[in-house]
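Laboratory data are not the source of any read-out in this text; all were calculated from the coordinates shown. Computed from a predicted structure; not experimentally measured. Every residue, glycine as well, gets a Cβ built from its backbone with ideal geometry; the counts of neighbours run over all protein chains shown.
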Amino acid sequence: MDSNFSVSCKVRVREENSAYSTNRNLNTLKKYLDLGLPSYLNRANMLKSTQTLLLIISLLAMAACDPKKSETIGQQPSTKEYSQLVTLFNDWREFHSPELVSGLADYSTVAMQKQQQELAQWQARLNAFDTTQWPIKHQVDWYLVWAEMNSLDFDHRVKQPWVRDPAFYVWFYPYPSDVPEREGANMYGAVDLPSYTSPLSEKDAASIASQLRKAPAVYEQAKINLTGNAKDLWVTGIRTIKEQSSDLNAFATAVEKTFPDLAAAARTAQQASDQFAEWLTTQAPSKTGISGVGKENYTWYLKNVHLLPLTYESEETLLERELYRSHSALRLMEHQNRNLPKLEKAATAEAYKKLLNQGVTDYLDFFEKQDIITMKPYMDPAMRAQIHEFVDTKELRGFFDEVDYRDPMPMRAHHNHWIDLARNREEPYESAIRNVPLLDNIFDSRAEGMATAMEELVMNMGMLEKRPRAKELVYIMLAQRAARGLGGLRQHGQEYTFDQATQYASKWVPWGLLPADGGTIQHEEQFYLQQPGYGSSYVMGKILIDQLIAEYARQREGKFILKEFMDDFNRKGIIPVSLIHWEMTGDKSMVNQAMGK
């Protein structure tokens with residue numbers, strides 16, 4: 001409900017009384033006929049008492065201000081108008097995909113200049129819609145399309161990944177993503193192996209082989225397009241292309257007996273990838289420029305693409321606050337637990353598998369017993385699919401493995417991601433626009449924000465009361481996200497180099513679980529440099545969800561029911577939290593702040 005709603009109601013009643021005094025009372029009542037209240041008009045025609053008529057007018061005005069009625073008053077668009085938006089969206093998505101030349105996406109200078117010039121026409125078509133009388137849910141969909149168009153504008157003006165970032169040209173992705181669309185800017189047409197059914201069919205194997213054989217042409221185009229001077233993107237991109245070579249080799253080995261033609265195609269792609277990496281290495285010494293987009297551009301991107309009521313400066317303040325809070329809370333929790341045995345890591349494959357499977361069982365049982373969300377059959381298999389093989393090593397594993405091997409519950413909370421994705425598959429949204437992943441990770445405040453928020457939410461609901469040491473891990477995970485978020489932020493603020501960002505994050509993660517040269521932070525900080533705003537989205541999204549819970553509960557004056565909130569929240573889709581806040585509360589203030597209103 002709009003924060004100024006009650007005030008506007010009082011003003012409206014005063015206006016209606018004034019209307020009566022100037023002999024416009026019947027016209028006033030006829031307005032309420034349009035609100036679905038004909039019986040009051042019939043009664044008013046028979047009334048002779050001025051005071052009674054005034055009373056009815058006042059009551060009618062207040063009835064119109066009822067929060068439930070406010071959702072419909074003045075918000076009755078024609079179905080045709082909204083369907084035109086859906087049509088525009090579908091056409092827009094087709095336009096957004098680059099043109100194909102010989103079956104390959106064209107990112108040449110000429111092609112990208114043409115796309116940028118034509119973008120203005122699409123924005124004009126979108127802005128021609130008058131959405132002022134639409135229901136909030138349809139206005140929200142309009143903003144989603146608006147954000148995607150702004151994102152393409154930003155890509156052309158600032159990011160230019162096809163010019164500045166070698167990692168943009170990765171052509172083979174063997175691992176699944178835990179968000180609706182793969183993170184970062186990626187070349188159109190790349191092979192996304194998890195999108196195929198396993199085991200592979202003959203048809204799918206042939207399709208993948210056909211795409212992999214395009215790798216040499218991909219990298220010949222990349223050598224022409226990559227004229228940028230972003231040093232850190234270039235250097236980290238070399239590592240990414242080399243990692244792709246290893247992935248292709250492993251894939252070729254895995255499918256060699258079953259699909260020899262596919263294995264041969266993978267090795268062709270591997271050879272092209274290796275040659276591209278060599279070329280990148282020869283060019284690297286000439287790259288001396290800054291990779292971050294700058295503070296002003298970063299703030300514009302937050303507001304106009306990710307629809308966040310934040311700035312570079314406010315994100316820095318909030319991230320620092322959460323970093324220090326996490327450290328303080330951790331030290332107090334460690335003191336409380338000082339007489340308890342330390343958490344030991346699972347030492348065998350059997351112990352690890354048992355630990356994580358029991359973690360899934362305990363987590364979902366807690367949700368059901370505490371009546372947190374409506375439970376669905378797809379939740380259990382979605383979470384168990386993320387139990388990976390045991391890694392037998394005395395060395396430090398990746399950060400999140402170091403958490404999981406000690407206690408499975410904090411990461412089960414973050415695996416809300418996989419429940420989200422299963423829900424997307426099994427329960428389509430009412431909105432056709434929300435049934436496809438938003439471009440350029442515009443969903444990050446919701447996807448990463450809610451996964452991060454769940455870690456503390458379930459702890460605060462009592463899930464870890466019998467696992468006090470696991471609470472320490474929750475605060476360490478928050479510290480890690482705040483620290484790496486600050487590293488990514490300051491790269492874009494052009495205050496940190498890539499190496500300084502990784503060193504800063506490592507410094508501020510307790511227990512030495514995030515070494516600066518480790519794979520986790522090396523890949524995370526690279527990705528945050530590629531995609532402005534993503535590194536901070538975990539913590540920023542969590543903060544905005546806290547704000548949403550607060551406003552939603554305040555409106556219900558002590559009648560807050562968690563399950564109703566969670567189910568309603570999940571039905572809105574994986575879209576920016578600011579838009580969910582508006583749709584669930586009627587309060588558009590977050591969106592207005594992003595718009596500078």
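Taking other Cβ atoms within 10 Å as a rough exposure proxy, Ile580, Ile387 sort from fewest to most as Ile387, Ile580. At an R0 of 25 angstrom, the distance between the Cβ atoms of Glu220 and Ala264 translates into a FRET efficiency of 0.80. For the stretch 297-594, the C-alpha radius of gyration divided by 2.2 N^0.38 Å, with N the number of residues, is 0.99. Only helices enter this figure: runs of n ≥ 4 DSSP H residues, each worth -39500 (n - 2.57), summed and divided by the residues of the chain, yield -20500 deg cm²/dmol at 222 nm to the nearest 500. Its residue count N fixes a reference of 2.2 N^0.38 Å for the chain, and the Cα radius of gyration divided by that reference is 1.09.
For Ser198, Ser328, Ser578, Ser506, what ranking results if the residue with the fewest other Cβ atoms within 10 Å of its Cβ goes first?
Ser198, Ser328, Ser506, Ser578
The chymotrypsin sites (Phe, Trp or Tyr not before Pro) of the stretch 159-222 that DSSP puts in a loop, and whose beta carbon has at most 15 other beta carbons within 10 Å, are Tyr188, Tyr196. Over all other residues within a Cβ to Cβ distance under 15 Å of Pro166, the charged ones net out to +1, with Lys and Arg as +1 and Asp and Glu as -1. Simple spin-label estimate for Thr374 and Glu344 gives 4.5 nm between the two label positions (7 Å along the Cα-to-Cβ direction from each Cα). For Glu81, neighbours were defined as the other residues whose beta-carbon sits under 12 Å from its Cβ, and their charges (Lys and Arg +1, Asp and Glu -1) total -1. Sites listed here are trypsin sites (Lys or Arg not before Pro) in the stretch 257-319 whose DSSP assignment is loop and whose Cβ has at most 10 other Cβ atoms within 10 Å: Lys257.
Each eigenvalue of the Cα gyration tensor of the stretch 221-313, multiplied by 5 and square-rooted, gives one semi-axis; in descending order these are 36, 19, 10 Å. A Cβ-based charge dipole, computed about the Cα centre of the chain with Lys and Arg at +1 and Asp and Glu at -1, lands at about 1600 debye. Qualifying trypsin sites (Lys or Arg not before Pro) in the stretch 413-504, where qualification requires a DSSP coil assignment and no more than 13 other C-beta atoms within 10 Å, comprise Lys466.
Going by how many other Cβ atoms sit within 10 Å of their own, how do Trp511, Trp92 line up, fewest first?
Details: Trp511 12, Trp92 19.
Exposure proxy ranking, most exposed first: Trp511, Trp92.
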